[in-house]
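Enquirer: Submitted below is the structure of interest, expressed as structure tokens.
The values are calculated or read from the model by the stated rules, or taken from the named source; none is laboratory data. Predicted model only: the values in this text are computed from it and were never measured. Cβ atoms come from the backbone with ideal geometry, glycine included; neighbour counts cover every protein chain shown.
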Amino acid sequence: MRQIIHLDLDAFFAAVEVLLNPELKDQPLIVAYDGARSVVTTASYPARKFGVHSAMPLARARQLCPHAIVVPPRRHAYSEYSQRVMNILREHSPLVEQVSIDEAYVEIAPERDAGEIARAIQTQIKNEIGLDCTVAVACNKLVSKVACNAVKPRGFGVIAPGDEEKFLAPLAIERLPGAGKATRAKLARWNVQTIGDLARVPVNELRAEFGKIGEYLHRAARGLDDSPVVTEWNPKSVSRENTFERDVREVAHIEKLIAEMSAGVARDLAREGYRARPIVLKLRYGDFTTLTRQTPLRVPTAHADEIRERALWLLRAHWNQKRALRLVGVGAHNLIEPSGTWQMELPG
């Protein structure tokens, strides 16, 4: 029996803003670009109590919650925190599917206790990063996602194997992934109000109305889903990044870290049998300004020493040491497969 954890970070963008500015804690907070036609990207839970929600016009949100604090999105910050969360998930299982910046599936081996691991993940993310999340466990992705949405925020849920249909039956039909507004309008002919109502509609009737989607709806309403957890490894690049707990400018500390990350990149390349052409250094300053620089290699490499030396050269050439660093990353790009061919670059 499969064990799938679904994780959803609670009010993620707003939560990151609070971490970056603790004075915003417990305040009605709206993340949105300011403008006449702007829409709400996300809202903190105090703002949601006034009816503010994602995709709402900002003007309407201001009417509902005039005292709300509006801050512009900071995509680099959200990506950074998201990556830290995904790194924690991969500590618990190699089978991680990130489906959005704040959402992921984790498949747990059958012999392990998925509920215990889900709790551990939730606690670790809170303790190490400061973010709240909701987690739910079920035997497939669909049910774990529905369960996760049902217990937000800061929730925890486990749907025991065999209880999928029983769990889904009383839930409103809009809780079912794939049952959008247009689909629900068509389901009205059967007076479908809940997922249980949908489960009672004969599959041949659903197929006649929706085609293959009808078959999906029939299976989904019964809690059946065999879609795999899809892990991705980008064969075009390998990288390691580190976000400091505090901004740093100590050269020795940064150089030591680059050496460690270079060794990690080399191990990843060696494990897969790849070699890299350019070596890339990523620097992010305290204000989230990000600098990415690369240096080409005449001969592709997977050697830690060469990766380290190239990365250190980039650091010395491009780091403004008057500015402290928040993040440092080392990457190997344009990878060449073991059976691939390459040509030595000649000086121009």
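Enquirer: Looking for something within 20 Å of Leu24 (Cβ to Cβ), buried (at least 17 other Cβ atoms within 10 Å of the Cβ) and of a type in the set (A, V, I, L, M) - is there at least one such residue anywhere in region 110-128?
Expert: Yes, region 110-128 contains a residue that is within 20 Å of Leu24 (Cβ to Cβ), buried (at least 17 other Cβ atoms within 10 Å of the Cβ) and of a type in the set (A, V, I, L, M).
Enquirer: Ser239 versus (1) surrounded by 16 or more Cβ atoms within 10 Å (Cβ to Cβ); (2) polar (S, T, N, Q); (3) at pLDDT 95 or above: which is the lone unmet condition?
Expert: Result: Ser239 passes all but (3).
Enquirer: Would you point out which residue out of Arg219, Arg200 is of a type in the set (Lys, Arg) and either touching a residue at least 40 places away in the same chain (Cβ under 8 Å) or loosely packed, with under 13 Cβ neighbours inside 10 Å (or both)?
Expert: So the residue among Arg219, Arg200 that is of a type in the set (Lys, Arg) and either touching a residue at least 40 places away in the same chain (Cβ under 8 Å) or loosely packed, with under 13 Cβ neighbours inside 10 Å (or both) is Arg200.
Yes/no matrix, rows are residues, columns are (1) touching a Phe, Trp or Tyr at 6+ places or on another chain (Cβ under 6 Å); (2) at pLDDT 95 or above:
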position: Ala61; (1), (2): no, yes
position: Cys65; (1), (2): yes, yes
position: Glu80; (1), (2): no, no
position: Arg90; (1), (2): no, no
position: Ile108; (1), (2): no, yes
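Enquirer: Here is a follow-up. Report the residue count in region 143-188 for those that are touching a residue at least 12 places away in the same chain (Cβ under 8 Å) and not in a loop (DSSP other than H, G, I, E, B).
Expert: Count: 22.
Enquirer: Which residues, counting only those in region 32-66, are within 16 Å of Lys152 (Cβ to Cβ) and not in a loop (DSSP other than H, G, I, E, B)?
Expert: Thr42, Ala43, Tyr45, Pro46, Ala47, Arg48
Enquirer: Are any residues in region 103-142 free of Cβ contacts under 8 Å to residues at least 40 places away in the same chain and either touching a Pro at 6+ places or on another chain (Cβ under 6 Å) or outside any helix (DSSP H, G or I) (or both), and if so, which ones?
Expert: Those that are free of Cβ contacts under 8 Å to residues at least 40 places away in the same chain and either touching a Pro at 6+ places or on another chain (Cβ under 6 Å) or outside any helix (DSSP H, G or I) (or both): Glu111, Asp113.
Enquirer: I'd like to verify a number: residues in region 165-202 that are in contact with a Gly (Cβ under 6 Å, 6 or more places away or on another chain) and farther than 29 Å from Tyr45 by Cα, how many?
Expert: Qualifying residue count for the region: 1.
Enquirer: Taking only pairs six or more apart or across chains, which ones have beta-carbon atoms under 9 Å, a first residue in region 6-29 that is on the phi > 0 side of the Ramachandran plot and buried (at least 17 other Cβ atoms within 10 Å of the Cβ), and a second residue that is aromatic (Phe, Trp, Tyr) and modelled with pLDDT of 95 or more?
Expert: Listed by first residue and then by second, the contacts come to Ala11/Tyr45.
Enquirer: Would you confirm whether any residue within region 223-237 is outside any loop (DSSP other than H, G, I, E, B) and of a type in the set (Asp, Glu)?
Expert: Within region 223-237, not a single residue is outside any loop (DSSP other than H, G, I, E, B) and of a type in the set (Asp, Glu).
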